[in-house]
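The values are calculated or read from the model by the stated rules, or taken from the named source; none is laboratory data. None of these values were measured; they are calculated from a predicted model. A quick note on method: Cβ atoms are made from the backbone with ideal geometry, for glycine too, and the neighbour counts reach across all protein chains shown.
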Amino acid sequence: MRIKHDVRWPKFTGSPVLESVRPVIERSRDVETHIDKIVEVAGWMGYEELPMPDYELPFGIGASDYRETIDFILTTSCIDTAFTDFSTHEKFQVEYGGRNWSDSDALFACMKRAVDKGVPILDGAFLAKVTRAEMENLFAGNIELPMLEEKTQILNHVGTVLAGQYNGRFHNFVASGSPRLYDSGNGLVERLVSEFPRFGDVSPYDGHTIKFYKLPQLAMWFLYTNLGKTCKFRIDDLETMSAFADYIVPVALRLLGITSYSAELERAINSYQLIPHDSAREVEIRAHCIYASALLAEEINLLRPSDCQIVVPQIDARLWTHYHTTWWPHHLTKTIMY
């Protein structure tokens with residue numbers, strides 16, 4: 001039985017990702033967005049600072065060469081997914097530099113550890129031939145890096161493309177195209193999706209193709225927040241970026257009361273049942289994350305002066321930062337897409 005949805009579409013519709021989720025929002029069975037709660041939350045969140053993140057790569061990466069920053073972020077983004085063991089629910093952790101790192105921070109630590117040892121882990125020729133055994137050593141931590149076999153295959157394919165077309169480096173890929181995310185097929189996100197299939201984050205839903213593009217957008221957001229103040233990297237259509245539909249932001253929206261789930265879906269998540277990739281439930285969770293975040297950003301901008309306007313990723317950053325360590329269960333989906 002479908003939910004009768006109170007749908008109010010954001011006035012700005014320049015995001016291909018946001019536009020694509022419309023059929024899901026209108027037809028959802030297990031997830032609902034509550035517009036009255038969005039207005040309520042905007043009423044207090046809109047007066048927070050909500051800064052543009054001043055992201056810097058840890059461990060001094062790229063301090064002397066912006067090209068290393070581009071190479072490091074985009075290479076890491078290829079495998080920046082799945083850090084919780086799907087059986088034990090234990091998170092991937094690594095000791096490095098006198099600290100303990102977990103989740104994606106642990107991945108970054110492993111990558112920097114490899115660079116310190118002289119492993120050419122940012123070079124396409126190396127990635128094209130890296131083996132599973134080498135990956136076990138490079139990403140040694142408290143548990144085996146989840147989906148290690150799939151991540152090895154990803155790097156093999158990515159490395160082959162980089163070596164064959166971009167002299168082995170992602171900074172050449174960035175330099176060879178448009179400084180827009182979407183530009184008639186020549187935009188940064190569009191090219192990542194078309195040239196590197198691992199970034200093709202789309203799902204079917206009732207005969208529609210739903211675009212999520214979590215990792216390609218997030219990679220560009222990391223580059224922008226790291227290098228945006230320089231003249232070395234720019235994005236001319238930042239307003240087209242959506243929320244990054246992952247595991248954590250849906251939890252934040254759920255706990256704020258902005259979204260709600262059917263009793264059946266709630267039980268499945270709270271009992272750690274796997275929600276299959278491309279299932280209607282998974283697609284609805286992610287689609288409402290994108291929709292609700294866009295509406296929240298729009299509602300907040302109605303309250304703020306012109307010089308304090310925000311973009312959707314600033315909402316994503318606010319929610320992720322406050323909720324990524326929550327004990328509340330998030331949905332579990334075995335996928336390489338987020």
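Of everything listed in (1) surrounded by 17 or more Cβ atoms within 10 Å (Cβ to Cβ); (2) modelled with pLDDT of 95 or more, the single unmet condition for LEU148 is (1). Just so you know, in the range 73-131 the residues that are surrounded by fewer than 18 Cβ atoms within 10 Å (Cβ to Cβ) and among the basic types (Lys, Arg) include one that is modelled with the highest pLDDT, and it is LYS129.
When residues of the range 286-319 are filtered for being in a helix (DSSP H, G or I) and β-branched (Val, Ile, Thr), how many remain? Residues that pass the stated criteria total 4.
Taking into account only those residues within the range 260-285 that are in contact with a strand residue (DSSP E or B) (Cβ under 7 Å, 6 or more places away or on another chain) and of a type in the set (Asp, Glu), which is surrounded by the most Cβ atoms within 10 Å (Cβ to Cβ)? Out of the qualifying residues, it is GLU284. When PRO53 is tested against (1) outside any loop (DSSP other than H, G, I, E, B); (2) modelled with pLDDT under 90; (3) closer than 23 Å to LEU255 by Cβ; (4) of a type outside the set (A, V, I, L, M), just one condition goes unmet, and that condition is (1).
When the range 115-139 is limited to residues that are under 21 Å from ALA82 (Cα atoms) and in contact (Cβ under 8 Å) with a residue 24 or more places away in the chain, the one that is farthest from the chain's Cα centre (by Cα) turns out to be VAL130. With respect to LEU253, is the statement that it is closer than 18 Å to SER15 by Cβ, in contact with a strand residue (DSSP E or B) (Cβ under 6 Å, 6 or more places away or on another chain), crowded, with 20+ Cβ neighbours inside 10 Å and among the hydrophobic types (A, V, I, L, M, F, W, C) true? So LEU253 fits the description; yes.
Among residues of the range 320-338 being among the β-branched types (Val, Ile, Thr) and assigned to a loop (DSSP other than H, G, I, E, B), the one that is nearest to THR81 (Cα to Cα) is ILE336.
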